[in-house]
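Peer 1: This is the structure I have questions about; it appears just below.
The values are calculated or read from the model by the stated rules, or taken from the named source; none is laboratory data. These numbers were taken from a predicted model, which means no experiment stands behind them. So basically every Cβ, Gly included, is an ideal-geometry build from the backbone, and we count neighbours across all protein chains shown.
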Amino acid sequence: MHGTDATGSARSGTAPWWRDAVIYQIYIRSFADGNGDGMGDIAGIRSRLPYLRDLGVDALWITPWYPSPQADAGYDVADFRDIDPRFGTLAEAEALIAEAHEHGLRVIPDIVPNHVSDQHVWFRAALAAGPGSPERERFVFRPGRGPDGAEPPNNWRSAFGGSAWTRAADPDGSPGEWYLHLFAPEQPDLNWENPEVHAEFQSVLRFWFDRDVDGFRIDVAHGLVKDADLPDLLDDTSAYPAGAHPHQDRDAVHEIYRAWRRVADEYPGDRKFVAEAHTPTPDRLANYVRSDRLHTAFNFDFLRCPWDADAFREVIDTTTSYLEEVGAPATWVLSNHDVIRHPSRYGRSLQEWPYGGRFSAETPLDLELGLRRARAAALLMLALPGGAYVYQGEELGLWEVEDLPDEVLQDPIWERSGRTERGRDGCRVPLPWSGTAPPFGFSPDGSGAEPWLPQPEEWKEYTARAQDGRPESVLGLYRTALRLRREHPALGEGELEWSEADEGALSFTRAPGFGCVANLSNRPCPLPRGRVLLASGPLEEDRLPPDTAVWLAL
Ligand code: NOJ
């Protein structure tokens, strides 16, 4: 399979597949349940491969499937060389990779190099071995401050709330050193000053490349290297010059990725990395995708962009210009498992929200408007040069479930924030596949299993089955857009040229013979001449209604 064009794309050419791939994010717990326990798994994914092939995506990014106590939904990995029994077995993972390839779909698992689970053998050994041991050197252990060492070593905060330090016990049970965890206490940070950590991750990459995965999504790619002095953080973290933040986007992180690139390049068939890298500026993001480092990085500026034509144009121009300089393709993404689903963002007049955070209950939502805009955003995104990500369920028009009862919430943010922030569960609700009542075919018929998070009744109109064969549905729109994207020689990698447009609208052309207009304003705008290939909503004669986008053959 490798070395050939697994996508069956009409635009096969010679460019590596990842330069314009559409990658579908499978949040494994919530995609499809094959074994009837109410949680998604590998068997579920295998049963839905024909759906993914027919959708027209090129590759699957699968969120962590490794053995894990699930303190952070699998991002707390206990063993990188196996599969969590909740999700299946290693043999099933191998079968999935092979079958996906047969369907023309590439497979990209998630790798989590910043931290492991507190149940990983390394961390258990570190606790048992005590201070000063080589086992502790794989993590960031430090004595505490204050008279009895009872204060954390510095003022760093966990991304999920509270201190980034937890005090460990010495092997005799007495209170001892503290260990660093930029996320939950169950996710101790690794020490990337230690060559053993480098060797271990290169070996893990090989383990999966040997099993024919097509690449990796790298979790917290910007966070691995810390200032060895572990200084207190400034109150105003925006005051740090580039690369000087003590635990984010430090220059030394690129050495790690140069080595990873060499590993990937040893394998045939264009294996690729995509970085989850948060950087203060786009030029710093471009550093991750220089030709000797990673291939691509998520474009969170696009995801965070409010529904505003000028803001989108600025992000599109900035992205393409910085990436062009380093020869990397752009990527575009609207949603993922950490943020509010985009129909629920675009359906609000105030669209500022903290990454991973929620809207307050007082920010009113117009979901119909949000869905209309989400359809337009899909056509805008898929017409841009480069690759794109589709988060499972966005092709069904799913929105954020904002009324999950307190007792079902599982995101560690809920407890760590003292139950003040509800966390990310609302975008992680299991997918509705068929039928008219929960679990909507998420689990096998007759299993009696309840999905791990409850689904809204309203999703009965939004199941894959209910939308199948209806070109005007969201699923119909995505299927047509993805098919046209494969067929049309102007789409995928390349360039765009802006055309004149009314205020609040975006209009661009791509050679040969393609045009896209997106009207983000609240009044109709003129429709350029051309044959309509696809529209996100009904058109008026020669006008493009508000919150609508159109693809044209020019
Ligand atoms: C980013 C992942 O997307 C998120 O879900 C996770 O909680 C953190 N990294 C920590 O691994």
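Peer 1: Taking helices (runs of 4 or more DSSP H) that fall entirely within the range 294-395, which contain at least 1 residues that are in contact (Cβ under 8 Å) with a residue 40 or more places away in the chain and of a type in the set (Ser, Thr, Tyr)?
Peer 2: Filter on the range 294-395 gives 309-326, 342-346.
Peer 1: Does the range 337-352 hold any residues that are farther than 22 Å from Tyr462 by Cα and among the polar types (S, T, N, Q), and which are they?
Peer 2: Ser349, Gln351
Peer 1: Turning to a different aspect of this structure: Is it fair to say Pro109 is within 16 Å of the ligand (Cβ to nearest atom), under 22 Å from Ala275 (Cβ atoms) and in a loop (DSSP other than H, G, I, E, B)?
Peer 2: Criteria not met by Pro109.
Peer 1: Right, another one. Return only the number of the condition from (1) within 16 Å of the ligand (Cβ to nearest atom); (2) in contact with a Gly (Cβ under 9 Å, 6 or more places away or on another chain) that Pro175 does not satisfy.
Peer 2: (1)
Peer 1: Collect the residues in the range 50-68 that are more than 21 Å from Phe209 (Cβ to Cβ) and more than 16 Å from the ligand (Cβ to nearest atom), keeping them in residue-number order.
Peer 2: If the condition is that a residue be more than 21 Å from Phe209 (Cβ to Cβ) and more than 16 Å from the ligand (Cβ to nearest atom), then Pro50, Tyr51, Leu52, Arg53, Asp54, Leu55, Gly56, Val57 are the ones that fit.
Peer 1: Continuing with this model, one more query. Considering only helices (runs of 4 or more DSSP H) fully contained in the range 184-287, which possess at least 2 residues that are without any contact (Cβ under 8 Å) to a residue 12 or more places away in the chain, within 16 Å of the ligand (Cβ to nearest atom) and not charged (D, E, K, R)?
Peer 2: none
Peer 1: Here is a follow-up. With the requirement that a residue be within 19 Å of Glu395 (Cα to Cα) and touching a helix residue (DSSP H, G or I) at 6+ places or on another chain (Cβ under 7 Å), what does the range 418-437 give you?
Peer 2: If the condition is that a residue be within 19 Å of Glu395 (Cα to Cα) and touching a helix residue (DSSP H, G or I) at 6+ places or on another chain (Cβ under 7 Å), then Arg428, Val429, Pro430, Leu431, Pro432, Trp433, Ser434, Thr436 are the ones that fit.
Peer 1: Do the conditions hold for Val326, that is, is it among the hydrophobic types (A, V, I, L, M, F, W, C), surrounded by fewer than 21 Cβ atoms within 10 Å (Cβ to Cβ) and over 30 Å from Glu457 (Cα atoms)?
Peer 2: Here the answer is yes, as Val326 does meet what is asked.
Peer 1: OK, next. Please enumerate the residues belonging to the range 113-138 that are aliphatic (A, V, I, L, M), assigned to a helix (DSSP H, G or I) and either within 16 Å of the ligand (Cβ to nearest atom) or without any contact (Cβ under 8 Å) to a residue 12 or more places away in the chain (or both).
Peer 2: Ala125 - this is the single residue of the range 113-138 that is aliphatic (A, V, I, L, M), assigned to a helix (DSSP H, G or I) and either within 16 Å of the ligand (Cβ to nearest atom) or without any contact (Cβ under 8 Å) to a residue 12 or more places away in the chain (or both).
Peer 1: From the residues in the range 241-293 that are acidic (Asp, Glu) and surrounded by fewer than 22 Cβ atoms within 10 Å (Cβ to Cβ), which one is farthest from Ala15 (Cα to Cα)?
Peer 2: Asp251
Peer 1: Any residue at all in the range 438-450 that is touching a Leu at 6+ places or on another chain (Cβ under 9 Å) and of a type in the set (Asp, Glu)?
Peer 2: The answer is no, given that none of the residues of the range 438-450 is touching a Leu at 6+ places or on another chain (Cβ under 9 Å) and of a type in the set (Asp, Glu).
Peer 1: Go through (1) touching a Phe, Trp or Tyr at 6+ places or on another chain (Cβ under 8 Å); (2) away from the ligand (no atom under 16 Å from the Cβ) one by one and return the number of the condition Glu325 breaks.
Peer 2: If we test Glu325 against (1) touching a Phe, Trp or Tyr at 6+ places or on another chain (Cβ under 8 Å); (2) away from the ligand (no atom under 16 Å from the Cβ), just (1) comes out false.
Peer 1: Look through Glu137, Glu99 and report the one residue that is farther than 30 Å from Asp214 by Cα and of a type in the set (Asp, Glu).
Peer 2: One residue alone meets the criteria, Glu137.
Peer 1: Looking at the range 69-106 only, could you name the residues that are within 16 Å of the ligand (Cβ to nearest atom) and not in a loop (DSSP other than H, G, I, E, B)?
Peer 2: Matches in the range 69-106: none.
Peer 1: Could you check the range 525-544 and list, in sequence order, the residues that are out of contact with any Ser or Thr (no Cβ under 9 Å at 6 or more places or on another chain) and surrounded by fewer than 18 Cβ atoms within 10 Å (Cβ to Cβ)?
Peer 2: Selection gives Pro526, Arg529, Gly530, Arg531, Val532, Glu540, Glu541, Asp542, Arg543.
Peer 1: Go through the range 152-169 and give me each residue that's more than 16 Å from the ligand (Cβ to nearest atom) and outside any strand (DSSP E or B).
Peer 2: Of everything in the range 152-169, those that are more than 16 Å from the ligand (Cβ to nearest atom) and outside any strand (DSSP E or B) turn out to be Pro152, Pro153, Asn154, Asn155.
Peer 1: Tell me which residues, restricted to the range 310-322, are in contact with a helix residue (DSSP H, G or I) (Cβ under 6 Å, 6 or more places away or on another chain) and either within 16 Å of the ligand (Cβ to nearest atom) or polar (S, T, N, Q) (or both).
Peer 2: The answer is Thr318, and nothing else.
Peer 1: Determine, yes or no, whether Glu421 is within 16 Å of the ligand (Cβ to nearest atom) and not β-branched (Val, Ile, Thr).
Peer 2: So Glu421 fits the description; yes.
Peer 1: While we're looking at this one, here's another question. Between a first residue in the range 35-64 that is outside the structural domain of Ala100 (by TED's automatic domain parsing) and modelled with pLDDT of 95 or more and a second residue that is in a helix (DSSP H, G or I) and among the acidic types (Asp, Glu), which pairs have beta carbons less than 6 Å apart while being 6 or more apart in sequence or on different chains?
Peer 2: Sorted first by the residue in the range 35-64, then by its partner, the list stays empty.
Peer 1: Got a sec? Which of Leu382, Leu396 is in contact with a strand residue (DSSP E or B) (Cβ under 7 Å, 6 or more places away or on another chain) and either of a type in the set (A, V, I, L, M) or at pLDDT 95 or above (or both)?
Peer 2: Within the list Leu382, Leu396, the selection yields Leu382.
Peer 1: For Thr331, are the conditions met, namely being over 23 Å from Asp214 (Cα atoms) and either out of contact with any strand residue (DSSP E or B) (no Cβ under 8 Å at 6 or more places or on another chain) or within 16 Å of the ligand (Cβ to nearest atom) (or both)?
Peer 2: No.
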